[in-house]
Every structure is written in C-alpha cells, then in structure tokens.
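Since the structure comes first, as structure tokens, the remarks are kept for the end.
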Amino acid sequence: MQFSCKVKLPHDQRASLHELFGDVIDHVEIIEHSWFAWLHVVAAATTRRRRIYLRGSAEEFFADPKLVLHEYFHVLGQWEPGALTVWRYLVESFRRGYWDNHFEIEAREFADDHFLRFRALLARHRSSDKPDIQRV
Ligand SMILES: [Zn+2]
C-alpha cells in the first residue's frame with residue numbers, strides 16, 4: 001500500500017510549465033498515489049481547482065509530457081477560469097461519455113498543440129543532477 005503524498009515539481013518540469021502557463025503554476029498541487037484519483041477509474045489522473053490527483057507515482061506522471069500538459073490544461077485552462085465545474089463535467093460526461101466530452105477534447109487538443117514545444121523546453125531545462133522529485 002502506498003500513501004498519498006504531495007510532490008514538488010522537478011526543476012525541468014517547473015521551468016517548462018512556467019514558460020507555457022506563467023506564475024500560476026505555483027498554485028497547483030500534485031498528489032500522487034491518490035485514493036481520490038482511484039475513485040475516477042477511467043483516467044490516470046483527476047483534477048480539481050488547483051489540484052492534480054494521480055493514481056500512480058509522480059515519476060510515471062512526469063515521464064508522460066502529454067499527460068502533464070493535459071492535466072495542467074484542465075487545471076489552469078478550465079478549472080481556474082471557472083469553465084470546468086464538477087457539475088458541468090458530469091453533465092458533459094453523461095451526454096457524451098469520456099472521450100467525446102468537450103473538456104477532454106479541449107485538453108487533448110492543447111496537449112497535442114504544445115507537446116513538441118514542451119518537450120523541447122524540458123530538454124533545455126533538464127538538469128544533469130537527478131533525481132529531483134521531492135515529496136513534501
Ligand atoms: Zn482529461
């Protein structure tokens with residue numbers, strides 16, 4: 001059994017996300033091995049306002065740049081401006097399911113559009129000294 005734990009963004013992730021989203025990334029908390037995420041069985045992660053709950057470990061999450069972009073977009077592009085709410089998400093999922101849910105379409109589109117740039121930023125900001133995931 002692994003316990004839920006808050007993690008700090010590794011340097012390369014933080015610097016790269018900062019270039020894409022700005023200072024607001026510092027308000028986002030990431031919780032790995034989250035029981036809350038396990039309740040939402042369809043996805044690897046679940047978001048709420050300023051929170052990303054991971055089913056698995058932070059290492060798995062950060063190894064998947066598209067997933068990182070996807071989840072940060074839910075938080076900063078949808079929750080933060082108030083477009084996404086639990087109720088709206090449920091209604092949308094009920095109408096269209098997971099894949100065709102417009103919140104999911106938008107997040108996938110954002111991740112696809114920014115993936116190459118994000119990977120380039122990560123490579124640029126990658127430090128030689130690792131590992132740098134810190135649990136807090
Ligand atoms: Zn999603």
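Residue count for segment 67-86 under the criterion of being more than 11 Å from the ligand (Cβ to nearest atom) and charged (D, E, K, R): the result is 1. Screening the candidates Ser57, Ser34, Ser16 for the property of being touching a residue at least 12 places away in the same chain (Cβ under 8 Å) and more than 28 Å from Arg124 (Cβ to Cβ) yields one hit, Ser34. Give segment 63-72 a look and list any residue that's buried (at least 20 other Cβ atoms within 10 Å of the Cβ) and either among the β-branched types (Val, Ile, Thr) or touching a strand residue (DSSP E or B) at 6+ places or on another chain (Cβ under 9 Å) (or both), or say none. Hits for segment 63-72 are Val68, His70, Glu71, Tyr72. Counting only residues that are among the aromatic types (Phe, Trp, Tyr), part of a strand (DSSP E or B) and away from the ligand (no atom under 15 Å from the Cβ), segment 27-63 holds 0 of them. The residue list Phe118, Phe3 contains one member that is of a type in the set (A, V, I, L, M, F, W, C) and in contact (Cβ under 8 Å) with a residue 60 or more places away in the chain, which is Phe118. Looking only at residues in segment 19-31 that are of a type outside the set (Val, Ile, Thr) and in contact (Cβ under 8 Å) with a residue 40 or more places away in the chain, the one that is surrounded by the fewest Cβ atoms within 10 Å (Cβ to Cβ) is Glu19.
Say we look at segment 38-57 and pick out the residues that are of a type in the set (Gly, Ala, Ser) and within 20 Å of Gln134 (Cα to Cα); which of these is surrounded by the most Cβ atoms within 10 Å (Cβ to Cβ)? Looking at residues that are of a type in the set (Gly, Ala, Ser) and within 20 Å of Gln134 (Cα to Cα), I get Ala45.
Where a number appears in this text, it was derived from the coordinates with a stated rule and is not lab data. Note that the structure is a prediction, hence the values are computed from the model and not measured. Note that each Cβ is placed from the backbone with ideal geometry, even for glycine, and that neighbours are counted across all protein chains shown.
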